[in-house]
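**Q** Sharing a structure below in structure tokens format, with a few things to ask.
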Amino acid sequence: MDTGILESLLTLFQMICVIMIFAYLFTRSRYFIEVFEHRATLVTKIILVLFFGLISVYGSISKIGLYGAVLNVHDLGPIIAGLVCGPFVGLGAGIIGGAFRLTQGGPYMYAAALATIVAGLLGGLVYLAYKKEFITTGKAVLYAFLIEIIVSVMQIAMATPPEQVVNVALFVALPMIIIVSVAVFIFSKIIHNILTERKILAEKEKLESEMARKNAELQIAAEIQKNFLPEILPRTEGFDIAAKSIMAKEVGGDFFDVIPLEVMPINSSRTGIMIADVSGKGVPAALFMALSRIVVRVTATWFKKPSEVISFANPIIANNSKTGMFVTLFYGIIDKEAGTLTYVNAGHNPPIVLRQKTGEIEELNLTGMAVGAMDDAEYTQEEVPLAVGDILVLYTDGITEAQNDKEEMFDVPRLIETIRNNRTSSSQVIADEIIRSVFSFSDTQPQFDDITLMVVKVT
């Protein structure tokens, strides 16, 4: 290949670069967005026809002549127009490009003009065949390659003298086929990058919308949970009670309650106390917590024995647990006159009793399985004495299972040590010191589980 041909190909390549730059900028316009979203108006389509038609015109003005043919890329605009925008734009761009090619004259003008129109129309039909979606890069390049072969064959057959067929095919047709195919490859990559960007943006917007919706749900659930946890504990004569709950997330499944058991609480010596931990986290756990608390609280006013309360509440909660959730629960009745705690421990962490006189520790072990796990579960109750100065600590596993950076757990011995060290303090101080000790132990480790605590001190 001589220097003149190489310079001609370089000129065509420069033209392709200019076309790609303008095409890229145009793809960022609102007109292309309308095409991608399948809502292009007639005005938009006309503007696209003019744009790709001008690209075809620009591709025809190379004025590089070889063997009587003009080396150009006038088919590129209509090909892209048809593949991206459909038959109307492809045909329109082809007509503009073909009309301009006729003004240039030469033995190939009719074949070249017709080929330009055919290229745009066939591209539009491919667009329709693929349900108005842009085809893959491989298919786009194959289409451009085949179209250019057909166009070249038409031009050679219609106007090339037999003695020049080989030269025109090698030095005119083949370079044009390769250059147009490369240009379509580049433009296809541009289009698919834009489509990918739009897909990512749409997914991002969907994700943000979903996150906003979930945050709204969490706020609602958190408000529900906040309203169901008592802000101020009722005064209970003979007992100093403090409680606190710190959720690991916006909402959780822990809850506590102090339940007056008489119509006239001022004259009552009996008060219900409860702490519980629902399996699971998030909104379902918060709603299940609300259900469980209401059922137990209402049932507690109907029956005197804790075992009767939990035995009656269990099947109600179990039959309303649609997702297999359950709740570990400790429910007890503290009685000032009798000086006793009567309780049911339904699968919950054993509460701790610190005896004031002896300093001994007692744990209130299980008397039944978790509530809601089986609707026919049986529950028994136990009774322990309470003396002045005794301290009862109810807690969830968020306290004992809190971990430090060495993956050590806070565990029961540290909890007992904290209680002992603050045995002369009020229940509120004891509760605050336990929470402080847990977070001090965990240090930089995040809170993985809800922390709920109730401290009852006999006065």
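**Q** Do we find that N320 is surrounded by fewer than 17 Cβ atoms within 10 Å (Cβ to Cβ), among the polar types (S, T, N, Q) and over 29 Å from V388 (Cβ atoms) in this structure?
**A** Criteria met by N320.
**Q** Which residue is surrounded by the fewest Cβ atoms within 10 Å (Cβ to Cβ), if the candidates are limited to the stretch 29-53 and must be closer than 24 Å to F185 by Cβ and in contact (Cβ under 8 Å) with a residue 24 or more places away in the chain?
**A** So, considering only residues that are closer than 24 Å to F185 by Cβ and in contact (Cβ under 8 Å) with a residue 24 or more places away in the chain, the one surrounded by the fewest Cβ atoms within 10 Å (Cβ to Cβ) is F36.
**Q** OK, next. For A431, state whether it is surrounded by 15 or more Cβ atoms within 10 Å (Cβ to Cβ) and touching a helix residue (DSSP H, G or I) at 6+ places or on another chain (Cβ under 9 Å).
**A** no
**Q** Go through the stretch 374-410 and give me each residue that's at positive phi and in contact with a strand residue (DSSP E or B) (Cβ under 8 Å, 6 or more places away or on another chain).
**A** G389
**Q** For the condition surrounded by fewer than 16 Cβ atoms within 10 Å (Cβ to Cβ) and under 38 Å from the mean Cα position of the chain (by Cα), what is the one hit in R436, R420?
**A** R436
**Q** Still on this structure, please answer the following. Looking at the stretch 353-368 only, could you name the residues that are over 15 Å from P306 (Cβ atoms) and outside any strand (DSSP E or B)?
**A** R355, Q356, K357, T358, G359, E360 - these are the residues of the stretch 353-368 that are over 15 Å from P306 (Cβ atoms) and outside any strand (DSSP E or B).
**Q** Looking only at the stretch 40-61, decide whether some residue is modelled with pLDDT of 80 or more, out of contact with any Leu (no Cβ under 7 Å at 6 or more places or on another chain), in the same structural domain as I191 (by TED's automatic domain parsing) and not in a helix (DSSP H, G or I).
**A** There is at least one residue in the stretch 40-61 that is modelled with pLDDT of 80 or more, out of contact with any Leu (no Cβ under 7 Å at 6 or more places or on another chain), in the same structural domain as I191 (by TED's automatic domain parsing) and not in a helix (DSSP H, G or I).
**Q** Can you tell me which residues in the stretch 286-334 are under 17 Å from M369 (Cα atoms) and in a strand (DSSP E or B)?
**A** Correct list: V327, T328, L329, F330, Y331, G332.
**Q** Being farther than 28 Å from T323 by Cα and surrounded by 15 or more Cβ atoms within 10 Å (Cβ to Cβ) is the requirement here; does L354 meet it?
**A** yes
Each row is one residue, and each column tells you yes or no for (1) under 30 Å from V309 (Cα atoms); (2) in a loop (DSSP other than H, G, I, E, B).
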{"site": "E378", "(1), (2)": "yes, yes"}
{"site": "G389", "(1), (2)": "yes, yes"}
{"site": "K406", "(1), (2)": "no, yes"}
{"site": "V412", "(1), (2)": "yes, no"}
{"site": "D432", "(1), (2)": "no, no"}
{"site": "S437", "(1), (2)": "no, no"}
{"site": "F448", "(1), (2)": "no, yes"}
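**Q** Looking only at the stretch 370-410, which residues are of a type in the set (V, I, T), under 20 Å from K244 (Cβ atoms) and crowded, with 22+ Cβ neighbours inside 10 Å?
**A** Once the filter is applied, which keeps residues that are of a type in the set (V, I, T), under 20 Å from K244 (Cβ atoms) and crowded, with 22+ Cβ neighbours inside 10 Å, the stretch 370-410 yields I391, V393, T396, I399.
**Q** Can you tell me which of (1) within 22 Å of V258 (Cβ to Cβ); (2) in contact (Cβ under 8 Å) with a residue 40 or more places away in the chain; (3) within 41 Å of the chain's Cα centre (by Cα) is the one D335 doesn't meet?
**A** (3)
**Q** Criterion first (at pLDDT 90 or above, assigned to a strand (DSSP E or B) and within 18 Å of S292 (Cα to Cα)) does D257 satisfy it?
**A** yes
**Q** Go over the candidates I266, I232 one by one and state the one that is out of contact with any strand residue (DSSP E or B) (no Cβ under 7 Å at 6 or more places or on another chain) and modelled with pLDDT of 80 or more.
**A** Within the list I266, I232, the selection yields I232.
The values are calculated or read from the model by the stated rules, or taken from the named source; none is laboratory data. Note that the structure is a prediction, hence the values are computed from the model and not measured. Every residue, glycine among them, receives a Cβ derived from its backbone with ideal geometry; neighbour counts consider all protein chains shown.
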